[in-house]
1. Could you please find all residues in segment 263-285 being in a loop (DSSP other than H, G, I, E, B), surrounded by fewer than 21 Cβ atoms within 10 Å (Cβ to Cβ) and more than 21 Å from the chain's Cα centre (by Cα)?
2. Scan segment 24-41 for residues that are at pLDDT below 85 and exposed (fewer than 11 other Cβ atoms within 10 Å of the Cβ) and jot them down.
3. Could you check, for segment 367-384, whether at least one of its residues is touching a Lys or Arg at 6+ places or on another chain (Cβ under 7 Å) and at pLDDT 95 or above?
4. Among the candidates Thr346, Thr342, which residue alone is in contact with a helix residue (DSSP H, G or I) (Cβ under 9 Å, 6 or more places away or on another chain), modelled with pLDDT under 95 and either outside the structural domain of Glu239 (by TED's automatic domain parsing) or among the β-branched types (Val, Ile, Thr) (or both)?
5. Against the definition (surrounded by 13 or more Cβ atoms within 10 Å (Cβ to Cβ) and of a type outside the set (D, E, K, R)), how does Leu401 come out, yes or no?
6. In segment 188-246, how many are loosely packed, with under 12 Cβ neighbours inside 10 Å, outside any loop (DSSP other than H, G, I, E, B) and among the basic types (Lys, Arg)?
7. Taking segment 183-226 as the region of interest, how many residues are in contact with an Asp or Glu (Cβ under 6 Å, 6 or more places away or on another chain) and hydrophobic (A, V, I, L, M, F, W, C)?
8. Suppose we filter segment 295-304 for residues that are touching a residue at least 60 places away in the same chain (Cβ under 8 Å) and buried (at least 19 other Cβ atoms within 10 Å of the Cβ); how many remain?
Amino acid sequence: MKGQNSLWTKVLIKDACESIIDCVNKTAPAIEKPTQYKMIRTTNVKAGWVNLSAVKFVNEDVYKKWTRRGKPRKGDVILTREAPLGEVGMLRSNDTVFLGQRLVQYRADPEKLDNRFLLYSFQGDFLQGQIKSLGSGATVEHMRVPDAEKLILLLPPLLTQHKIGAILSAYDDLIENNSRRIKILEEMAQALYREWFVKFRYPGHGKVKMVESELGMVPEGWGVKKLSTLVDTQYGYTESASEDEIGPKYVRGMDINKTSYIQWDTVPFCPINDINHTKYKLKIGDLIVIRMADPGKVGIIEKDIDAVFASYLIRLNIKSTRISPYFLFYFLLSDQYQSYVTGASTGTTRKSASAGVITDIYMIVPTDNILIQFEKQISTIRHLLNNLLENNSNLCRTRNLLVPKLISGKIDVSNIEIEMGEKYT
């Protein structure tokens, strides 16, 4: 390899690992009630992380049965071998977990292999090329379990591995810290909405009496309006998404259904003519609501970006001064609204809700003074949240540029003094 240090060698992955464990090749019976026993699925493994916030749970007996071959632990690297093929993540906590279908667990031998270096190697072209070449299947690309042990690693001396792992994991540590702060800010914003507009503990509430309304007791001077009288609705644009930058960003349901913010770096593009571009172009303050598959999930546009929205979404254009974008956004996120949409949606296998259903609900409307105060406080929280998102995007881009250069030896770290830090073991 051009520019490659002569001390780097090719090593069979099984010779550099303490163990390689594949999953049990059938679905574990999950239960609805959360337990300490969590099942890692392919959807939990992405871009270097194992996300345990959306896992399935099992009982103790199932956990014991499914971990006879070995129990994952902090520092293990998890690879998806099907649907999708080649995603990788590191287990960064001591949670009680086990492998679901289509996963392989690698545990580095610390005398030969830095587990962080292994993680980043899986993200590079050298290993990804091997994984893709081993993939087979006419409809779903997959790698056979025996092939998981046949991968070849390109390894520098162990000290160099430690340095490379420390450099790249420093970026991930910053990203993880920012992500925790983002989560806290999300919780703060939703708690503020509940305090003011569910529990009615807003500034000055002690001086305002409660009166009867269509929705029960509300503060005097507040109103109750049907959402359909406060907004106009518009269905989205029908087109195929593309990873190529062939037009504006194309916001879909999957871009808004997991968090209260949009990660624009992951949103694809779409072709569109000038007339439709103008018709469907998103602007700051727009609310978009999913109408099919996951009806009621909502996103808000907080960035001036060239983007349009997909046909499974409905745009809500506020036409009344009685409500503001963030107030409406947090109402749509509330348990009251989400429970309403769940109950009003139709379809047995794939739920859906029309624009009429989406807006056919009464909501409390506060006084202008309270609305202005709420919008000001929420805007401050969301500004901090979006700054952290932008910071994370920049960190990810920098790390992604460094990964291929460091794990191939194109950047020499042998003479650099680096604080090694924790190796997630």
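1. Pro271, Ile272, Asn273, Lys283, Ile284, Gly285
2. Applying the first criterion (at pLDDT below 85) to segment 24-41 yields 24-28, 32.
Within segment 24-41, Asn25, Lys26, Glu32 meet the criteria.
3. Residues of segment 367-384 touching a Lys or Arg at 6+ places or on another chain (Cβ under 7 Å): none.
No, that holds for no residue.
4. Sole residue among the options that is in contact with a helix residue (DSSP H, G or I) (Cβ under 9 Å, 6 or more places away or on another chain), modelled with pLDDT under 95 and either outside the structural domain of Glu239 (by TED's automatic domain parsing) or among the β-branched types (Val, Ile, Thr) (or both): Thr346.
5. Values: surrounded by 13 or more Cβ atoms within 10 Å (Cβ to Cβ): no; of a type outside the set (D, E, K, R): yes.
Criteria not met by Leu401.
6. The qualifying residues number 1.
7. Residues in segment 183-226 being in contact with an Asp or Glu (Cβ under 6 Å, 6 or more places away or on another chain) and hydrophobic (A, V, I, L, M, F, W, C): 3 in total.
8. In the first step, residues of segment 295-304 are kept if they are touching a residue at least 60 places away in the same chain (Cβ under 8 Å); the result is 295-296, 302-303.
The next check asks that each one be buried (at least 19 other Cβ atoms within 10 Å of the Cβ); those that pass are 295-296, 302.
Looking only at that region, the number is 3.
The values are calculated or read from the model by the stated rules, or taken from the named source; none is laboratory data. These numbers were taken from a predicted model, which means no experiment stands behind them. For neighbour counting, all protein chains shown are included, and Cβ atoms are generated from backbone atoms with ideal geometry for every residue, glycine included.
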